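One structure follows; several queries about it will come next.
Here, each number is a calculation from the coordinates, and none is a lab measurement. None of these values were measured; they are calculated from a predicted model. In this analysis, Cβ positions are derived from the backbone assuming ideal geometry, glycine residues included, and neighbour counts consider all displayed protein chains.
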Ligand SMILES: [Fe+2]
């Protein structure tokens, strides 16, 4: 039996279950909660890398992360996201973004499993629901965005936060660039699919229009009422729909190790 507990404005839900022995219908329930809430999390999951991957495979096809090497050759689909107390500068992912939007097919889901975390509440991940953000757009802006595309780059504004980790574990050095429609339809719901952390420009907009729209959109996407701040505990697993949730790491001092898997 699994239990789904909705959180603030239905942006997130806590799911109570044991990941290690889930039945088929329970996996189905988790997938539908992901669709309903955008982000779900599970506390107290002491998962081995083997079982973590096993669970991830039940949600889809495991994706490659183009920027960093994996945990080991056996577990190359698990990326280690690490912050050391000696690190200077911002943490990895410290600006609202969509994972790997600079690729042609950005992953559907991202999972993070916490291995080492600072005190609860001191190193949160913030989420912003882009279903809610879309729903609350004025009609004229919805129209404007309807067929608009934007260009994204792996060297966008957020890339400064990956440099520390790239020095240690980097693999891809070339800049990756992609183009995507801003409005995405996911299972009959509309979402704003635009990553401020990787944004370069809108397609076919003049400078003035672009700067006006960008200013409005980036502010709108991350309004407090669309947000949920996830507090980490050790052995906690979070999964979110990368197409409908923006996320960012909040600034903190200390050591943190997360194991990440992305899913297509
Ligand atoms: Fe991220």
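Could you check the spin-label model distance between residue 139 and residue 43? Points 7 Å from the Cα along Cα→Cβ, value in nm.
The modelled label-to-label distance comes out at 4.5 nm.
Related question: Given Cα pairs under 8 Å that are at least 6 residues apart, what percent is the relative contact order of the chain?
36 percent
Further question: For residue 126 and residue 204, FRET efficiency with R0 = 41 Å and r from the beta-carbon atoms, rounded to 0.05?
Computed FRET efficiency for residue 204 and residue 126 comes out at 0.80.
Moving on to the next point. Sorted by packing (mean other beta-carbon atoms within 10 Å per residue), highest first, where do 135-146, 95-106 land?
The packing order, highest mean first, is 95-106, 135-146.
Given R₀ = 35 Å, what would the calculated FRET efficiency be for residue 75 paired with residue 179, taking r from the Cβ atoms and rounding to 0.05? Intermediate values should be presented prior to the final figure.
On the way: r = 32 Å, r/R0 = 0.92.
So, using R0 = 35 Å, E works out to roughly 0.60.
May I ask you to derive the FRET efficiency for residue 20 and residue 218 from their Cβ-Cβ distance with R0 = 51 Å, giving the value to the nearest 0.05? The partial results should precede the final answer.
Details: r = 40 Å, r/R0 = 0.79.
Here the calculated transfer efficiency is 0.80.
Taking the Cα centroid of the range 1-65 and of the range 93-118, what is the distance between the two, rounded to the nearest whole Å?
16 Å
Between helix 207-221 and the chain, what is the angle of the helix's C-alpha long axis to the longest principal axis, kept within 0 to 90° and rounded to the nearest 10?
30 degrees
I would also like to ask the following. Counting each DSSP H run of 4 or more residues in the chain as -39500 (n - 2.57), what helix-only mean residue ellipticity at 222 nm follows after dividing by all residues, to the nearest 500 deg cm²/dmol?
Only helices count here, giving -6500 deg cm²/dmol.
Pairing the Cα long axis of helix 24-37 with the longest principal axis of the chain, what angle in degrees results, from 0 to 90 and rounded to the nearest 10?
Computed tilt is about 30 degrees.
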